[in-house]
Amino acid sequence: MPEPRTWQLTAGSAALGLVLAAAAVTAAGPWDGGQRTAERARAAAPTTGGAHHAPPPAPVAPRRPAPAPSAPGVLTSLHAPTAGRHADLAAALVPLLADPGLGSLRTASVVDTATGKQLYGEGATTPMTPASTVKIATTAAALSALGPDHRIPTTVTAAPDGKSVTLTGGGDPTLDPPRLKALAADTARALKTRGHTSVRLAYDTHLYRGPELHPIGPNENIAPVVALMTREGRLDDSTSGPAPRTADPAGDTATAFAELLTEAGITITGNPAPGTTPRAAPLARTESAPLADLVEHTLTHSDNDLAEALARQTALAHGQPASFQGAEKAVHDELARLRLPLAGARFADGSGLDRRDRVSAALLTGLLTRAADPPRPALRPLLTGLPVGGFTGTLAGRFDTAPAGAGLVRAKTGTLTGVNTLAGTVVTPDGRLLAFAFLAGRTPSPDQAQPALDRLSAALAGQK
């Protein structure tokens, strides 16, 4: 879900999917579901060059594309040598960094991803409140710890006597009514096969520990953080952005599941109640999309609920409690394994809504540089999930004051009251892929800070 509203935590949202028609956007890397759109079209194009061709090969079973670009050449082509080619970025960036809209605290880092060399830095190692750009760290840790194919399960398990079943949350906030209905149908079928048509229903949320409410309290930007929920606890028809949230996502999901079981021919005795999962193989299960897809959605739409879920998945992978505290330690430890600059870093939450978060511009550009490294395809969704300036996600309505960056800048936004950040990548005219991070604090308003950040990133698009 996008970032907070301006009256408290400024929001932004946009439709999912790339709408990249311009050739400049193609140069930026139009990823779709983890695969370069241009590559897919080229692979599907018919062969030319003769009047007679051999018959096409026999059709084979479709194979799911890699969750992110796995061919090193995809990004290697952008890694042109930098020696003697880059201009003095300071001349272009220093005046733009002086914009009053960026407030009194500002740091910056620009790195050539081919070499890892910092081309420009201003307080690059100073920890700052990152707002939602911390999601780059959250998602990187999850991908590194779990891999891009990891899926989050929701299961149903029967008691040994078959008189009760337990709906168990695995921490998937993307569970939706169609999947819940399919899970109920599978459960009903399994119960009937065993000769049971009447059961009690319990639901188990014990996977998560600690406080359920985010430190910002009840808020339209995030639901209570629990292991079982449907549609992120939304009470309207929205799919992203701020929305009214239920105070009891798990209870509401269990109630809906009971109704679906009833429709499938199973009588539910009593009301759904909290319980513990029996030690037995599940009767039925449903799983989230692969982690690569979840990461892309998290970054494109700045989804707070999903970011917190991914932080807890990282905690579980590290043997830590699935709590705010356990996730903080796990994310830190996982990024340490990537040998990134973590001095002063803190990950008080996974979404960036917590003002106690601290990251440096150098850490963000380091993460993006790791993601562009050909030997690290598992991290590629960090790049493919970044919104495209002027086109998608939280950048769909921006870059009107910096048109040079539209379609060329891909970046994660960050917005809290008095905090505005932008971190991402840009392709230069000579084919280099630069990673950048601009963090501003004590800003007067997003209306002034966001255009200033857009102009900074757009300036990079013109560098040779």
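The values are calculated or read from the model by the stated rules, or taken from the named source; none is laboratory data. Being a predicted model, the structure only gives us computed values, none of them experimental. Every residue, glycine among them, receives a Cβ derived from its backbone with ideal geometry; neighbour counts consider all protein chains shown. Please note that ligands, DNA and RNA were not included when accessible areas were found on the heavy atoms of the full protein model with its side chains. Shrake-Rupley method; radii C 1.70, N 1.55, O 1.52, S 1.80 Å.
Rolling a 1.4 Å probe over the protein chains gives Phe399 an accessible area of about 0 Å². With the charge dipole of the stretch 327-464 set up from +1 on Lys and Arg Cβ and -1 on Asp and Glu Cβ about the Cα centre, the Cα lying farthest toward the positive end among the listed residues Asn420, Gly393, Ser360 is that of Ser360.
Given the peptides 90-98, 383-391, 213-221, arrange them by the average over their residues of other C-beta atoms within 10 Å, most packed first. Don't jump to the answer; show the numbers that get you there.
On the way: 90-98: 14.2, 383-391: 26.2, 213-221: 16.0.
My ranking of the peptides, most packed first, is 383-391, 213-221, 90-98.
Would any residue of the stretch 397-433 have its amide N under 16 Å from a label point 7 Å out along Cα→Cβ of Leu338? List them or say none. The answer is 411-413, 423-425, whose backbone nitrogens lie closer than 16 Å to the label point.
Simple point charges give the picture: +1 on the Cβ of Lys and Arg, -1 on the Cβ of Asp and Glu, and for the stretch 194-266 a dipole about the Cα centre of about 280 debye. Considering every alpha-carbon pair of the stretch 238-361, the percent of pairs per 5 Å bin, from zero through the bin containing the longest distance, is 2, 8, 12, 17, 20, 14, 11, 8, 4, 2, 1, 0. Each label was represented as a point 7 Å from its Cα along the Cα-to-Cβ direction; for Asp88 and Ala247 these points are 6.2 nm apart. Solvent-accessible surface of the stretch 95-228, taken per residue with a 1.4 Å probe and all protein chains present: 38 Å².
About the centre of its Cα atoms, the stretch 284-348 shows a dipole size close to 320 debye [charges on the beta carbon of Lys, Arg (+1) and Asp, Glu (-1) only; nearest 20 debye]. In this Cβ point-charge picture (+1 for Lys and Arg, -1 for Asp and Glu), the stretch 181-336 has a dipole of about 840 debye about its Cα centre.
Considering only Ser288, Ala254, Ala243, the residue lying farthest towards the positive end of the dipole of the stretch 240-296 is Ala254, judged by Cα position with unit charges set on Cβ. Modelled spin-label separation between Gln325 and Arg356, with each label point placed 7 Å from Cα along the Cα-to-Cβ direction: 1.0 nm. Surface composition of the stretch 362-464: carbon and sulfur make up 53 percent of the accessible area, probe 1.4 Å. A 1.4 Å probe run over the stretch 391-464, with the rest of the protein chains in place, finds 26 Å² accessible per residue. Measuring with a 1.4 angstrom probe and ignoring ligands and nucleic acids, Ile136 comes out at about 0 Å² accessible.
Between Ala280 and Ala256, what length in nm is gained on full extension when 0.36 nm per residue of separation is reduced by their alpha carbon distance? Present the calculation step by step, with values, prior to reporting the outcome.
Numbers: separation 24, 0.36 × 24 = 8.64 nm, distance 2.37 nm.
Here the answer is 6.3 nm.
What a 1.4 Å probe finds exposed on the stretch 293-335 is 50% carbon and sulfur by accessible area, rounded to a whole percent. Inter-label distance, Thr115 to Arg194: 6.4 nm, where each label sits 7 Å from its Cα along the C-beta direction.
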